[in-house]
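To keep things clear, I will list the structure first and then write my remarks on it.
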Amino acid sequence: MTPSNSDKTAFFKMLNQPDDDISLAKAALMVAKLEYPDLNIDSYLLKIQNIAEEINNRLSATANAAEILKQLNHVLFVEKAYEGNTNSYYDPRNSFLNDVIDRKLGIPISLSILYIELGHALGLPLSGIAFPGHFLVKLEISDGAIVLDPYFGGISLNEEDIEERLREYYGAKLNKSRAQGVLSSSSNKEIVLRVMRNLRNLYMQDENWIKALPLADIMVEMDDDKPDALKARAAIYDQQECHIPALADYSSYLKLSPNTDTPGNQFIRARVIDLAKSARKVC
């Protein structure tokens, strides 16, 4: 799962463009190419375009947003039977857009990427929402926004549904500050980085350090949320007993971390002291 230099260069070039110029589907497929080096990205972009054309052929020339969404949901979730993978939610394939397209299974963010791309092809300016615990999609309209959940067949959520989901996620910790901005749009770059973060964390939970490290490397180089990226990579190096790079990343993380008194940071400080005494392995 070590990406080639050319693939990394192309990926960085893609994500460093102005956000409106970033192809969300193509960037997501570039992430998948880390797992599948021979992946033909253009063939999957064509598959998405073919689904969009199939939907568009059923629409009248005067179809409004509600009619387009209805047909999109029917074709994608009823006829083609795309759905959320409730049985194997943490299967890494749920995060790779090529696998989502082939298997017709995904998690909220990957199904949302497909949904957003299809919406754009049909003339709907859909955007992603990094809703707590469950990625969503929205369509801005004159008097607000339509909030949609592609993981559950593209259902529309009203204010009560959103409040209920917030209560389920935060419980007694829910307050006005936590509820503020939960429906803000995510940039394309933020969406792609969230896919990568999900994958990296999943591999770390499975102790698959070999697959976690290339993702961690790229996220450190992207320079977005640098403290999190450094802390994660340091932990991966540490688990692999790569002591010298672990020490370097832990130290860099502590310099950037705004709060050094948390239990997690106290542990890292202690680990830095231990590694400074005994670090030998470079890796």
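Listing for the model above:
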quantity	calculated
Filter result for the condition that a residue is assigned by TED's automatic domain parsing to the domain that holds Ala270 and either at pLDDT 95 or above or under 21 Å from the mean Cα position of the chain (by Cα) (or both), over Ala229, Ala212	Ala229
Residues located in the stretch 146-192, provided they are closer than 30 Å to Ile236 by Cβ, touching a residue at least 60 places away in the same chain (Cβ under 8 Å) and in a helix (DSSP H, G or I)	Tyr151, Asn188, Lys189, Glu190, Ile191, Val192
Boolean, Asp143 is touching a Pro at 6+ places or on another chain (Cβ under 9 Å), over 18 Å from Ala52 (Cβ atoms) and either hydroxyl-bearing (Ser, Thr, Tyr) or surrounded by fewer than 23 Cβ atoms within 10 Å (Cβ to Cβ) (or both)	no
Whichever residue in the stretch 44-61 is closer than 10 Å to Ile101 by Cβ and not aliphatic (A, V, I, L, M) and, among such residues, is surrounded by the fewest Cβ atoms within 10 Å (Cβ to Cβ)	Lys47
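Quick grid of which residues meet (1) of a type in the set (Lys, Arg); (2) within 15 Å of the chain's Cα centre (by Cα):
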{"position": "Asn5", "(1), (2)": "no, no"}
{"position": "Lys8", "(1), (2)": "yes, no"}
{"position": "Asp19", "(1), (2)": "no, no"}
{"position": "Leu24", "(1), (2)": "no, yes"}
{"position": "Asp42", "(1), (2)": "no, no"}
{"position": "Ala52", "(1), (2)": "no, no"}
{"position": "Asn85", "(1), (2)": "no, no"}
{"position": "Ser88", "(1), (2)": "no, no"}
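Let's see how each residue does on (1) crowded, with 19+ Cβ neighbours inside 10 Å; (2) among the basic types (Lys, Arg); (3) touching a His at 6+ places or on another chain (Cβ under 6 Å); (4) within 29 Å of Phe131 (Cβ to Cβ):
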{"residue": "Val192", "(1), (2), (3), (4)": "yes, no, no, yes"}
{"residue": "Gln205", "(1), (2), (3), (4)": "no, no, no, yes"}
{"residue": "Asn208", "(1), (2), (3), (4)": "no, no, no, yes"}
{"residue": "Asp217", "(1), (2), (3), (4)": "no, no, no, yes"}
{"residue": "Arg233", "(1), (2), (3), (4)": "yes, yes, no, yes"}
{"residue": "Gln240", "(1), (2), (3), (4)": "no, no, no, no"}
{"residue": "Gly264", "(1), (2), (3), (4)": "no, no, no, yes"}
{"residue": "Phe267", "(1), (2), (3), (4)": "no, no, no, no"}
{"residue": "Ser278", "(1), (2), (3), (4)": "no, no, no, no"}
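The values are calculated or read from the model by the stated rules, or taken from the named source; none is laboratory data. This one's a predicted model, so the numbers in the text were calculated from it and none came from an experiment. Here Cβ is always computed from backbone atoms with ideal geometry, including for glycine, and neighbour counts include all displayed protein chains.
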